[in-house]
Structures are given as C-alpha cells and as structure tokens.
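Inspection log for the structure reproduced underneath, given as structure tokens.
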Amino acid sequence: MNKEIRQEKIKEKIAENPFLSDEQLSKLFKVSIQTIRLDRLEMGIPEMRKRVINLAQKATSKVKALNKDDIIGDLIDIELGKNGISTMRTTREMAFDKNDLIRSHYIFSLADSLAMAIIDSDVVLTGRARLRYKNPVYAGQLLVAKARIAVKKSNKYLVSVHISSDHVEVFSAKMIMVSLDKKSKKPSLDLIDYRN
C-alpha cells in the first residue's frame, strides 16, 4: 500500500475510533510505529492522548445538567438528547486493597454521570436504575461508557448505559432519568411517577 492510500486509511480509522494508539495502528497497517507517527505528523493529527483531551473539552462544553468538575471520567462525545461516550482510567485508589477489584460505586458513578450529561436539561435526577455488573474490573483498566436515550416521555427518559473494557462488557444499566426545571428545588412525588 502506498503512502498516500495508507495515510487516507489512517485518517479514516482515527475518525472512526480516536482511541487507536500508534501501536495499534502499526499492527493494523503492518508498518512500524515510527512510520505511523510520521504519517500522523504529516497529516497534522495529534497523538491519541491529545485527540482524547480535545474531544473531552469539546464534549464537556455541551453539557447542561452537570458542571465540568461534576462529570465522572472524561466525556469524549455527546449529542444532547440522544447519546454520549465517556471514559475512565481506573486507579489503585478506586480498588479494594485485598484484590485490586474496583469498587462498584465508581463504575455506577461513571454510568450515572454520563446518563445525566446526555439529557438536554439544566436539572436531572436519577429516578430508578436497574444495574448489572457483568465482569470484574481491576485497577489500571480503561472503561469506555456508551449511553443512549431509548425512550423519552414527558420529563422522563429511559437511558441505556453499557460500559466495557478491552471490548468486553463489564456493566450495563437501564436508568430512568427525570428532568426538572431550574425553579423546582424539590421534585414532587408525582414528577417521579414511573407508571406514566
């Protein structure tokens, strides 16, 4: 494959998946890591870490329901009212000392934060959640969360969240999120009536 075709295909692959590292690209195109780096530099494409930071900054600025500091993980992509993607690198501080397993509330917080972020409203609460922890998560793993709004009815949203690590699903949730107007300090019980 000549250089021009390879560079065009590299550009396409990175557009599809900004998380691809130079090492992964080199294996995919059967060239050296240095060749990938040179191709990226010629095309003006930053390294993976910088690509992810740029995506996170753009996505975070769109969120209405949470402040930047309230978002758990790194918001990578968001389409308000539809879907979003966020990531979180697990750390030793998130794990149990005995076995390096990540505490479940960190995984839930990533899902809950993303579910709130994709709702196009200033105030969002989690009304109900059905969670499934499918595989253990250990310190050092990169979690990728994907959320989408499955159903919207009035001020209630059914949000589906799936979290994976190395393409293996580790967590899923169906969450009912409730949006409130800014003036409501406390939601009345009829606002969180799931039968409607």
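A short reminder: the numbers here are calculations on the coordinates, not readings from a lab. It should be emphasised that the depicted structure is a prediction, and the values quoted were computed from it without experimental measurement. Ideal geometry is used to build each Cβ from the backbone, glycine not excepted, and the neighbour counts take in all protein chains shown.
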*Rounded to the nearest Å, what's the spacing between the alpha carbon centres of the range 116-172 and the range 86-106? Just the number, please.*
17
*asked:* Using the Cα centre of the range 3-45 as origin and beta-carbon charges of +1 (Lys, Arg) and -1 (Asp, Glu), tell me which of THR35, ILE45, ASN17 is placed farthest towards the positive end of the dipole.
replied: THR35
*In whole Hz, with x marking every Gly and Pro, tabulate ³J(HN,Hα) for the range 141-156 from phi via Karplus 6.51 cos²θ - 1.76 cosθ + 1.60, θ = phi - 60°.*
7, 8, 9, 10, 9, 10, 10, 8, 7, 8, 9, 10, 9, 6, 9, 10
*For ARG148 and LYS50, what does the FRET efficiency come to when R0 = 25 Å and r is the distance between their Cβ atoms, rounded to the nearest 0.05?*
0.40
*Can you pull the one-decimal nm distance between simple spin-label points at LEU28 and ASN2, each 7 Å off the Cα toward Cβ?*
2.3
_Per 0.36 nm of contour for each residue apart, how much would the distance between ASP70 and ASN135 grow if the chain were fully extended, relative to their Cα-Cα spacing?_
20.8 nm
